[in-house]
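Here the structure comes first, spelled out in structure tokens, and everything after it is commentary.
The values are calculated or read from the model by the stated rules, or taken from the named source; none is laboratory data. Predicted model only: the values in this text are computed from it and were never measured. Reconstructed Cβ throughout: ideal geometry from the backbone, glycine too, with neighbour counts over all protein chains shown.
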Amino acid sequence: MKKLKKLLFITSDTPFWNREREIVNGLNKEFDLLLVLFYGQKSVNCTPEEIREYCKINQIKVIMSSRDRGRARSMKRFIKDWNLLKSVHQFKPDITYIESYGTPYLAIMFVFFLKKRNTVIGIMDYALHPREKGRYKLSERFYKFITVRFFKNYHLFSKPQAEMAKAENPDKKIFIIHLFLVGTDIVKSQRTRSDSRINFLFFGRVFYYKGVDILIQAGNLLAEKRRDFYITIAGKSNPEFYQQFVPNPSAFEIKNYFIPKSEIAEIFANADYFVAPYREVTQSGPLMRAYDFEIVPVASDLEGFKEYITDRQNGFLFKSESPQSLAETMNEILDLSIEQRNHLRQNLLQFKKEEFDIHKTIKKYVDMFNQL
């Protein structure tokens, strides 16, 4: 029997539970795999026990490391990370895949102790996103510096990001594998609302780059003309946001809090269209969730969305950062016939079937690792 290569797969609880479980399970059949997983004490997606049980059922070797609250630079954290590194070293991986460094200490340790030519870094956002206008997280900037300065092989999740990374780092080896569906463990529910109005949904944390203010302006414009729609904004924002951008109360339903997992199925079941009015995008987890719930997307005409959406075939694109263009697109959607809506949905289902085939996705990871 052929000896399997050893694969070290390093990630954290949210990406693993939301979109990597099936991939890791598939890779576990192709490699001698060790999963290293960082988890928070108050994860909203899953519990440590659920992760351990999943790994036990699927015979996945796992080392779980808690990300305790407190100073990331503490000596206690250093000792804990050093012990984790020793466990990883004893495994002696042939290939290492990192989507989460875990802590600054581990990021630096990986630089010195991992084989660079056999290590792939999964990069969600090569172009960092501002949480507020002009403001970026210091930790994201640090981890990007570590990646670009010291590692050679990158996995990007979208073509535009891969092209940007390659242009700035022509000596690096770049792989492209799209995001898989997000939140497939959530049981779908039936629609609970009786309202006949069309419901446009925005879902996710409200940050500047996601353009929720553009959606509010577009909704207010459209509300001046018609009353057969409403917009649900489901996601936490800063307290001052809705003081600066005031939505028409007759056209908006605001859920300004972190959406618990127990509410997600109902929110998506009651939506007719998913809206992503982003100013910039690398790839969108909420869009992957919308595909899982089979909801037609409406998005700004950025390259990261054009990879998935063919305008007016399986979704809609509007001019980025233009409330007027978004309002016009939503108005067009409201005037669609039942036959046109059904045609869009059938195209969406076909796209989902072809794009999110788990066996094809696992093969892409295997091919990537075999090219190192």
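Listed by position, the strands (runs of 3 or more DSSP E) inside the stretch 151-243 whose residues that are under 24 Å from K137 (Cα atoms), touching a Lys or Arg at 6+ places or on another chain (Cβ under 8 Å) and not hydrophobic (A, V, I, L, M, F, W, C) number at least 1 are 153-156.
Of the residues screened, E321 is not one that is part of a loop (DSSP other than H, G, I, E, B), touching a residue at least 40 places away in the same chain (Cβ under 8 Å) and farther than 20 Å from Y209 by Cβ. Counting only residues that are of a type in the set (D, E, K, R) and touching a residue at least 24 places away in the same chain (Cβ under 8 Å), which one in the stretch 100-120 is surrounded by the fewest Cβ atoms within 10 Å (Cβ to Cβ)? Restricting to residues being of a type in the set (D, E, K, R) and touching a residue at least 24 places away in the same chain (Cβ under 8 Å), the top hit is R117.
Against the test of being under 29 Å from K80 (Cα atoms), part of a strand (DSSP E or B) and outside the structural domain of V298 (by the TED database), the options V120, V111 yield a single qualifying residue, V120.
Sub-6 Å Cβ pairs linking a first residue in the stretch 337-360 that is not assigned by the TED database to the domain that holds I176 to a second residue that is among the β-branched types (V, I, T), at least 6 apart or interchain, are L344/V296; L348/V296, ordered by first then second residue. When S322, S337 are checked against the criterion of being over 17 Å from the mean Cα position of the chain (by Cα), surrounded by fewer than 16 Cβ atoms within 10 Å (Cβ to Cβ) and of a type in the set (G, A, S), S337 stands alone in meeting it. Does the stretch 44-77 hold any residues that are assigned to a helix (DSSP H, G or I) and at pLDDT 90 or above, and which are they? Residues satisfying the conditions are P48, E49, E50, I51, R52, E53, Y54, C55, K56, I57. The listed residues are S189, S158, and the only one of them that is small (G, A, S), surrounded by fewer than 20 Cβ atoms within 10 Å (Cβ to Cβ) and farther than 17 Å from I98 by Cβ turns out to be S189.
Checked against the criteria, V281 does not count as among the hydrophobic types (A, V, I, L, M, F, W, C), modelled with pLDDT of 95 or more and surrounded by 15 or more Cβ atoms within 10 Å (Cβ to Cβ). How many residues are of a type in the set (S, T, Y), modelled with pLDDT of 95 or more and within 21 Å of the chain's Cα centre (by Cα) when one looks only at the stretch 201-241? The qualifying residues number 1. Considering only residues that are assigned to a helix (DSSP H, G or I) and of a type in the set (D, E), look in the stretch 340-372 and name the one that is surrounded by the most Cβ atoms within 10 Å (Cβ to Cβ). Among those residues, the one meeting the criterion is E355. Of the residues making up the stretch 255-278, those that are buried (at least 16 other Cβ atoms within 10 Å of the Cβ) and not in a helix (DSSP H, G or I) are I259, N270, A271, D272, Y273, F274, V275, A276, P277, Y278.
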